[in-house]
């Protein structure tokens, strides 16, 4: 069975479409599945939406993405774990490919990623470069990571010392366990952060993280993009 694990914090705007895509993808692939939403102390309607759309809600209060993902995994019962961000849409094709890869011996992997909506110029330049870099290094993007339960247990899950880049650390750990693949099939994630933060702001945050090295992603300070409240409404999501 597949366990879809969705970490969520105040995702009432986008969680519904993510869960609907998971149900449709699993049905289209003809695979048994469960959906678990690890709700990290949301103050909006996130848990209500999750339950209404057939997910099992695991309430936590970590405010730390790696720990939240791990809490969802501990509640899962499937042999195949697929971690999907709450703002990401998947298809039957990518789910089927992930399961087939694991059934054929891969310990885990990721997929190609596209972003919805109109992206600013800096993002249209940067995203293809980052995508190429991730694929060349065989790293899973955080919005879609899959692995077998056995491999996940062997590496101890996501490293909770990290407040960001936890998918990169997990990718490296899984590669030491066996074959790790990045699928050509893609998932579609939200481009909201690139629309609500300027290129200058993102460059400054990235520089601070790079300057601190590993310590830069082992603390919440400086990780505002991931941990601060949404400060503006995404212009493409306004009523």
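The values are calculated or read from the model by the stated rules, or taken from the named source; none is laboratory data. Being a predicted model, the structure only gives us computed values, none of them experimental. FYI the Cβ positions are ideal-geometry reconstructions off the backbone, even for glycines, and counts take in every protein chain you see.
So the values come out like this:
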item	result
Test: residue in segment 111-132 that is more than 30 Å from residue 203 (Cα to Cα), modelled with pLDDT of 95 or more and either over 14 Å from the mean Cα position of the chain (by Cα) or part of a strand (DSSP E or B) (or both)	no
Members of segment 153-171 found to be under 16 Å from the mean Cα position of the chain (by Cα) and either part of a loop (DSSP other than H, G, I, E, B) or surrounded by fewer than 21 Cβ atoms within 10 Å (Cβ to Cβ) (or both), listed by number	157, 158, 159, 160, 162, 163, 164, 165, 168, 169
Options 123, 165; residue that is touching a residue at least 60 places away in the same chain (Cβ under 8 Å) and over 21 Å from residue 98 (Cβ atoms)	123
Scan of segment 134-149 for residues that are without any contact (Cβ under 8 Å) to a residue 60 or more places away in the chain and either assigned to a helix (DSSP H, G or I) or more than 17 Å from the chain's Cα centre (by Cα) (or both), ordered by number	134, 135, 136, 137
Residue check, residue 19 in contact (Cβ under 8 Å) with a residue 12 or more places away in the chain and either more than 17 Å from the chain's Cα centre (by Cα) or not in a helix (DSSP H, G or I) (or both)	no
